[in-house]
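Colleague: Supplied in structure tokens, the structure appears directly below.
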Amino acid sequence: MRVAVVWNHDRTGVINRFGQPRPEGLGRETYDDVVAALQEGGHETLLCEGDKGLLATLERFMPPDPQARPSGMVFNMAEGIQGECYYAHVPAMLEMAGVPYTGPTPLGHGLADDKVISKRLLRDCGVPTPNFRVMRRGTESTDDLRFPVIVKPRNEDNSFGLQLVHEPAQLGEAVEAIVTQFAQDALVEEYIEGREICVALLGNEELEVFPPVEIDLGETGLFTWEKKKNLAAAKRPIWPAQIASSLATLLQDISVASFRACQCRDYARLDLRIDRSGRPFVLEINSPGLSIHSTFAKAAMTAGHSYSSLINRILHVGQMRYFGIDIP
């Protein structure tokens, strides 16, 4: 079938430069790897920009049949260009145009990408997550928050802007840095000292939960953007994580509940901390990067997938959700 892999590389395809620009994300290698995997699966592919020209490009590449049924599908890897809720922009365009795609809906992206909303949803369904406050100035009351705390942007991913604050006197400066750089509220949450675990999920009604992957945090105790960029060289993931079967079962239950609460779709990754007494806390849930070195890919490989089979499995899961059968 025809599969358009949508990304955001050339950021000139907008009408105006207006709104907060999205920070730089993945390099081209990951997208080339996804395209190669889909071609290995027998699909005709096109790598195209998720900008103002996207719908015209898709209409040429996958024109509708006489019954106006889709003749292809988008493998959505677009991260957005500017404005609010970057990840929801391309899915919203595709929903309007009637083009099927992999990954969350605009609503699903909105819920998961807003760390405050997602944490409230998790709490409502009984999933443990660190205590937190939303701040704009840093002078707001911290109430019963215990220091040290993590300060990060409310709506960013990839650990952009992540800071560890040890004393209340340092909090105002950290919050101001987030608000100034990212033009959004700061999420301030209690720092959970312990092990960092990622749980990857694949599917929809029936979910496959891959074995947990642990991140070697090193001396800093944080998995920063800089560490993520150097993940391949640093060999940080420990896969599978060495944890007791009872804890693995609990993590699986928590992960499925989080996936449902935040209206995820097709695939997702849960980031957790396990404190010194063995209690898990969900930090966030998101649509993960699909680099061959990513924790999502490592988890899938632990479960027996090759990188190629994982990418094609994601496409298959999306096809089955839309059509109930494989498209040739």
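The values are calculated or read from the model by the stated rules, or taken from the named source; none is laboratory data. Computed from a predicted structure; not experimentally measured. Cβ placement follows ideal geometry from the backbone for every residue including glycine, while neighbour counts extend to all protein chains displayed.
Colleague: If you check Ile178 against the conditions, is it part of a loop (DSSP other than H, G, I, E, B), of a type in the set (Val, Ile, Thr), out of contact with any Leu (no Cβ under 6 Å at 6 or more places or on another chain) and surrounded by 17 or more Cβ atoms within 10 Å (Cβ to Cβ)?
Modeller: no
Colleague: A follow-up question, please. So, Glu214, is that one in contact with a strand residue (DSSP E or B) (Cβ under 8 Å, 6 or more places away or on another chain), modelled with pLDDT under 95 and assigned by TED's automatic domain parsing to the domain that holds Gln242 or not?
Modeller: Spelling it out, Glu214 is indeed in contact with a strand residue (DSSP E or B) (Cβ under 8 Å, 6 or more places away or on another chain), modelled with pLDDT under 95 and assigned by TED's automatic domain parsing to the domain that holds Gln242.
Colleague: Every residue in the stretch 83-107 that is more than 16 Å from Met62 (Cβ to Cβ) and small (Gly, Ala, Ser), please.
Modeller: Matches in the stretch 83-107: Gly83, Ala88, Ala92, Gly103.
Colleague: In the stretch 107-132, which residues are surrounded by fewer than 18 Cβ atoms within 10 Å (Cβ to Cβ) and either under 22 Å from Glu167 (Cα atoms) or touching a Pro at 6+ places or on another chain (Cβ under 7 Å) (or both)?
Modeller: Pro128, Asn131
Colleague: Collect the residues in the stretch 139-175 that are assigned to a loop (DSSP other than H, G, I, E, B), of a type in the set (S, T, N, Q) and closer than 22 Å to Gly194 by Cβ, keeping them in residue-number order.
Modeller: The answer is Thr142, Asn158, Ser159.
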